[in-house]
Amino acid sequence: MQGQISRLVDLLFYFYYLLLIIRIFLTWIRTIDWYAQPYAWLKSITDPFLNIFRNIIPPIGGMLDISPILAFIVLQLVQGLVLNILGSLGL
(Lines give C-alpha, C1' and ligand atoms only; values in the text may rest on other atoms or scores of the structure.)
Protein backbone atom coordinates (compact mmCIF):
# COMPACT_ATOMS: atom_id res chain seq x y z
CA MET A 1 0.00 0.00 0.00
CA GLN A 2 2.87 2.32 0.79
CA GLY A 3 3.92 4.29 -2.27
CA GLN A 4 0.64 3.83 -4.15
CA ILE A 5 -0.17 7.54 -4.06
CA SER A 6 3.35 8.42 -5.24
CA ARG A 7 3.02 6.02 -8.17
CA LEU A 8 -0.38 7.47 -9.07
CA VAL A 9 0.93 11.05 -8.94
CA ASP A 10 3.97 10.04 -11.00
CA LEU A 11 1.66 8.44 -13.57
CA LEU A 12 -0.45 11.62 -13.74
CA PHE A 13 2.66 13.70 -14.38
CA TYR A 14 3.72 11.23 -17.10
CA PHE A 15 0.29 11.49 -18.73
CA TYR A 16 0.50 15.28 -18.71
CA TYR A 17 3.98 15.13 -20.27
CA LEU A 18 2.50 13.02 -23.07
CA LEU A 19 -0.34 15.51 -23.60
CA LEU A 20 2.17 18.36 -23.82
CA ILE A 21 4.30 16.49 -26.34
CA ILE A 22 1.26 15.69 -28.48
CA ARG A 23 0.16 19.34 -28.31
CA ILE A 24 3.59 20.55 -29.37
CA PHE A 25 3.81 18.14 -32.30
CA LEU A 26 0.31 19.05 -33.46
CA THR A 27 1.25 22.72 -33.68
CA TRP A 28 3.49 21.75 -36.61
CA ILE A 29 0.39 20.81 -38.60
CA ARG A 30 -1.05 24.09 -39.86
CA THR A 31 -4.40 22.65 -41.03
CA ILE A 32 -5.62 21.59 -37.58
CA ASP A 33 -8.83 23.25 -36.42
CA TRP A 34 -8.13 23.91 -32.74
CA TYR A 35 -11.84 24.53 -32.11
CA ALA A 36 -12.83 20.99 -33.18
CA GLN A 37 -12.69 18.00 -30.86
CA PRO A 38 -10.41 16.40 -29.68
CA TYR A 39 -8.04 19.28 -30.39
CA ALA A 40 -10.10 21.78 -28.40
CA TRP A 41 -9.94 19.49 -25.36
CA LEU A 42 -6.19 19.06 -25.70
CA LYS A 43 -5.72 22.81 -26.07
CA SER A 44 -7.88 23.52 -23.00
CA ILE A 45 -5.80 21.10 -20.91
CA THR A 46 -2.32 22.16 -22.01
CA ASP A 47 -2.51 25.83 -22.97
CA PRO A 48 -3.10 27.31 -19.50
CA PHE A 49 0.20 25.81 -18.35
CA LEU A 50 2.07 26.63 -21.57
CA ASN A 51 0.75 30.22 -21.62
CA ILE A 52 2.59 30.95 -18.37
CA PHE A 53 5.87 30.34 -20.17
CA ARG A 54 4.78 31.94 -23.43
CA ASN A 55 4.40 35.18 -21.48
CA ILE A 56 7.98 34.82 -20.19
CA ILE A 57 9.56 33.73 -23.49
CA PRO A 58 7.69 35.05 -26.52
CA PRO A 59 8.01 33.17 -29.83
CA ILE A 60 11.19 33.96 -31.74
CA GLY A 61 10.36 35.77 -34.95
CA GLY A 62 6.69 35.13 -34.25
CA MET A 63 7.13 31.52 -35.36
CA LEU A 64 9.49 29.50 -33.16
CA ASP A 65 8.05 28.88 -29.69
CA ILE A 66 10.74 27.65 -27.31
CA SER A 67 8.70 28.26 -24.15
CA PRO A 68 7.75 24.54 -23.87
CA ILE A 69 11.38 23.82 -23.00
CA LEU A 70 11.05 25.97 -19.88
CA ALA A 71 7.63 24.44 -19.21
CA PHE A 72 9.10 20.92 -19.24
CA ILE A 73 11.93 21.96 -16.91
CA VAL A 74 9.53 23.54 -14.42
CA LEU A 75 7.12 20.59 -14.64
CA GLN A 76 9.98 18.20 -13.94
CA LEU A 77 11.07 20.26 -10.93
CA VAL A 78 7.51 20.33 -9.58
CA GLN A 79 7.18 16.58 -10.14
CA GLY A 80 10.39 15.93 -8.21
CA LEU A 81 9.29 18.21 -5.38
CA VAL A 82 5.83 16.65 -5.10
CA LEU A 83 7.18 13.10 -5.22
CA ASN A 84 9.86 13.97 -2.66
CA ILE A 85 7.22 15.36 -0.30
CA LEU A 86 4.99 12.32 -0.78
CA GLY A 87 7.96 10.03 -0.23
CA SER A 88 8.90 11.79 3.00
CA LEU A 89 5.31 11.35 4.16
CA GLY A 90 5.48 7.66 3.34
CA LEU A 91 2.85 7.89 0.65
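The values are calculated or read from the model by the stated rules, or taken from the named source; none is laboratory data. In this text, all values refer to a predicted model and were calculated from it rather than measured experimentally. Cβ sites come from the backbone with ideal geometry, for glycine too, and all protein chains shown count toward neighbours. Ligands, DNA and RNA are excluded from the accessible area calculation, which covers all protein heavy atoms including side chains. Shrake-Rupley method; radii C 1.70, N 1.55, O 1.52, S 1.80 Å.
Return the ratio Rg/(2.2 N^0.38 Å) for the chain, where Rg is computed over Cα atoms only.
Normalised Rg, Cα atoms only: 1.28.
Which residues in the range 56-85 have a backbone N closer than 20 Å to a point placed 7 Å from the Cα of residue 4 along the Cα-to-Cβ line?
83-85
Tally up the carbon and sulfur contribution to the accessible surface of the chain as a whole percent, 1.4 Å probe, everything protein left in place.
Carbon plus sulfur share of accessible area: 72 percent.
Please report the Cα spread of the range 9-52 along all three principal axes, rounded to whole Å, starting with the longest.
Principal-axis extents of the range 9-52 (Cα, largest first): 34, 20, 16 Å.
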